[in-house]
């Protein structure tokens, strides 16, 4: 089953990839690696899930924030590669979760992203992961994902 079919089964569709919030590229390809800039829970240009998990937001809301950031990550991959055929696999996901003092369950929140990646990409969605818990993230958003993927080379052009 292809990625679009899996998204449809989950009741999702790829959004327009969010624009960078500053002077940087949303993605870069170096050899067989695709590096994505931080992806946030932004929907239709609107900031979603702002504040700290454990103070302003629940873990369930954090899980939803991570899931939305993951959907934006998939949109960036699609944009960078012109689809998903060249995606070999995700390699590493760095999850940054804005955490209230004393709140320590970032892995549960980041499962929102990991669960979506595996549900949509299948085996290609499995990845390594690191969790970071700063007090605040840019734009006061609750979650930021930084993803590196392994890709296949583009098809050779025929002349």
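The values are calculated or read from the model by the stated rules, or taken from the named source; none is laboratory data. Note that the structure is a prediction, hence the values are computed from the model and not measured. Virtual Cβ from ideal backbone geometry, glycine too; neighbours counted across all protein chains shown.
Quick check on this structure: which one of 59, 88 is surrounded by fewer than 19 Cβ atoms within 10 Å (Cβ to Cβ), at pLDDT 95 or above, in contact with a helix residue (DSSP H, G or I) (Cβ under 8 Å, 6 or more places away or on another chain) and closer than 17 Å to residue 115 by Cβ?
Working: 88 fails: closer than 17 Å to residue 115 by Cβ.
After applying the criteria, what remains is 59.
In the stretch 1-24, the residues that are in contact (Cβ under 8 Å) with a residue 60 or more places away in the chain and at negative phi form Cβ pairs under 7 Å with partners that are part of a loop (DSSP other than H, G, I, E, B) and surrounded by 12 or more Cβ atoms within 10 Å (Cβ to Cβ), at six or more places apart or across chains, as follows: 3/84; 7/14; 17/26. All conditions in (1) more than 18 Å from residue 148 (Cα to Cα); (2) touching a helix residue (DSSP H, G or I) at 6+ places or on another chain (Cβ under 9 Å); (3) assigned to a loop (DSSP other than H, G, I, E, B) hold for residue 109, with the sole exception of (3).
Would you tally the residues in the stretch 46-60 being part of a helix (DSSP H, G or I) and more than 17 Å from residue 134 (Cα to Cα)? Before you say what the answer is, go through the steps one by one.
Filtering the stretch 46-60 for residues part of a helix (DSSP H, G or I) gives 59-60.
The next check asks that each one be more than 17 Å from residue 134 (Cα to Cα); those that pass are 60.
Total satisfying the criteria: 1.
Annotation note: Cβ proximity below 8 Å between a residue of the stretch 148-159 that is at negative phi and outside any loop (DSSP other than H, G, I, E, B) and a residue that is loosely packed, with under 10 Cβ neighbours inside 10 Å and modelled with pLDDT under 90 (sequence gap 6+ or interchain) occurs for no pair.
Residues are listed down the side, and each one gets a yes or a no for (1) in contact with a helix residue (DSSP H, G or I) (Cβ under 9 Å, 6 or more places away or on another chain); (2) more than 15 Å from residue 125 (Cα to Cα):
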position: 4; (1), (2): no, no
position: 10; (1), (2): yes, yes
position: 19; (1), (2): no, yes
position: 78; (1), (2): yes, no
position: 81; (1), (2): no, yes
position: 93; (1), (2): yes, no
position: 99; (1), (2): yes, yes
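Is there a residue being modelled with pLDDT of 95 or more, over 15 Å from residue 149 (Cα atoms) and surrounded by 16 or more Cβ atoms within 10 Å (Cβ to Cβ) anywhere in the stretch 20-41? Looking for residues that are modelled with pLDDT of 95 or more, over 15 Å from residue 149 (Cα atoms) and surrounded by 16 or more Cβ atoms within 10 Å (Cβ to Cβ), one finds at least one in the stretch 20-41, hence yes.
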